[in-house]
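In what follows, a structure is listed as structure tokens, so that the remarks can point back to it.
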Amino acid sequence: MKIILVGASGTIGKAVDKELSARHEIVRVNRTSGDLQVDLSDPKSIERLYQETGAFDALVCTAGKVHFGAFDDFTPEKYAIGLDNKLMGQVNLVTFGLKHIRGGGSFTLTSGLLNDDPIREGVSAAMVNGGLEGFVHGAAIVMPRGLRINLVSPTVVEESLPVFGPFFRGVKPVPVSDAALGYAKSVEGAQTGRVYRIGWSRDQ
Ligand SMILES: NC(=O)c1ccc[n+]([C@@H]2O[C@H](COP(=O)([O-])OP(=O)(O)OC[C@H]3O[C@@H](n4cnc5c(N)ncnc54)[C@H](OP(=O)(O)O)[C@@H]3O)[C@@H](O)[C@H]2O)c1
């Protein structure tokens, strides 16, 4: 398969690259490096990306920024970071990608646990992750040409603890290679409309 990996240089993206590159062709896309560049917050940049990639079999996105901060410091501009980047950036990858993806292909997006397991600084992340779940459930039932769409929702990964550890006290991390398996299942399996929760469950 020809797989476009947006966020390939990131912590999760590198693990997904390692998992999938043994079996597939990977087109690595980042904001500033890689085979191609895109700015998720700019719809025109996403349209341009697909002019450059041409036809493909799967799109995996492991990129998406949100603002973290105290609830009473949030402003419309701070909410807009997550909405424009992690939510609409990934929605627009699907919207524009539909014209270029081959029949039977798949889209795999990334959320996280904070909509079900919230933290103080994570109100925007919770909102965006919930929006992504709704989008994936809604889109899966109307995908044309046998196309599939799934969401991977990892818990915090061990490799990110130096940065995110203080936000996630009491949360058991998983190795990022575990998170990568969710993407392999989505791309190489047959399911659609699923949320693959990696390292956590809604019962916790
Ligand atoms: N790490 C975790 O423990 C964890 C757990 C659950 C969910 N998540 C979610 O998973 C996603 C990736 O997390 P991560 O820790 O792997 O991130 P990361 O290491 O910071 O990597 C981010 C990646 O996204 C790219 N990127 C940044 N801004 C972009 C933009 N505007 N347009 C396109 N690409 C952009 C970066 O490219 P450049 O290097 O060129 O900027 C990089 O490849 C995030 O949405 C995060 O919320 C992470």
**Asked** Taking region 1-23 as the region of interest, how many residues are on the phi < 0 side of the Ramachandran plot and within 14 Å of the ligand (Cβ to nearest atom)?
**Response** 15
**Request:** At least 3 residues that are farther than 22 Å from Phe56 by Cα and within 13 Å of the ligand (Cβ to nearest atom) in each: list the helices (runs of 4 or more DSSP H) lying fully within region 79-175 that qualify.
**Result:** 123-140, 161-164
**Fill in**
Residue set Leu36, Leu59, Leu93; condition in contact with a helix residue (DSSP H, G or I) (Cβ under 7 Å, 6 or more places away or on another chain), surrounded by fewer than 23 Cβ atoms within 10 Å (Cβ to Cβ) and either over 27 Å from Gly193 (Cβ atoms) or modelled with pLDDT of 95 or more (or both); output residue Leu36
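Inspect region 154-162 for any residue being touching a residue at least 12 places away in the same chain (Cβ under 8 Å), of a type in the set (A, V, I, L, M, F, W, C) and surrounded by fewer than 18 Cβ atoms within 10 Å (Cβ to Cβ) and give the result as yes or no.
Checked against the condition, which is being touching a residue at least 12 places away in the same chain (Cβ under 8 Å), of a type in the set (A, V, I, L, M, F, W, C) and surrounded by fewer than 18 Cβ atoms within 10 Å (Cβ to Cβ), region 154-162 yields at least one hit.
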**Message:** Take the conditions surrounded by 15 or more Cβ atoms within 10 Å (Cβ to Cβ) and farther than 18 Å from Arg28 by Cα and apply them to Phe71. Does it pass?
**Reply:** no
**Complete:** Listed by first then second residue, the pairs whose first member lies in region 184-204 and is more than 21 Å from Val142 (Cα to Cα), whose partner is polar (S, T, N, Q) and at pLDDT 95 or above, with beta carbons under 6 Å and at least 6 positions apart or on separate chains, are Arg197/Ser153; Gly199/Thr155; Trp200/Thr155
**Message:** For region 171-183, which positions are more than 15 Å from the chain's Cα centre (by Cα) and touching a residue at least 60 places away in the same chain (Cβ under 8 Å)?
**Reply:** Ser177
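The values are calculated or read from the model by the stated rules, or taken from the named source; none is laboratory data. A quick note: this is a predicted structure, and the numbers were derived from the prediction, not measured. In this analysis, Cβ positions are derived from the backbone assuming ideal geometry, glycine residues included, and neighbour counts consider all displayed protein chains.
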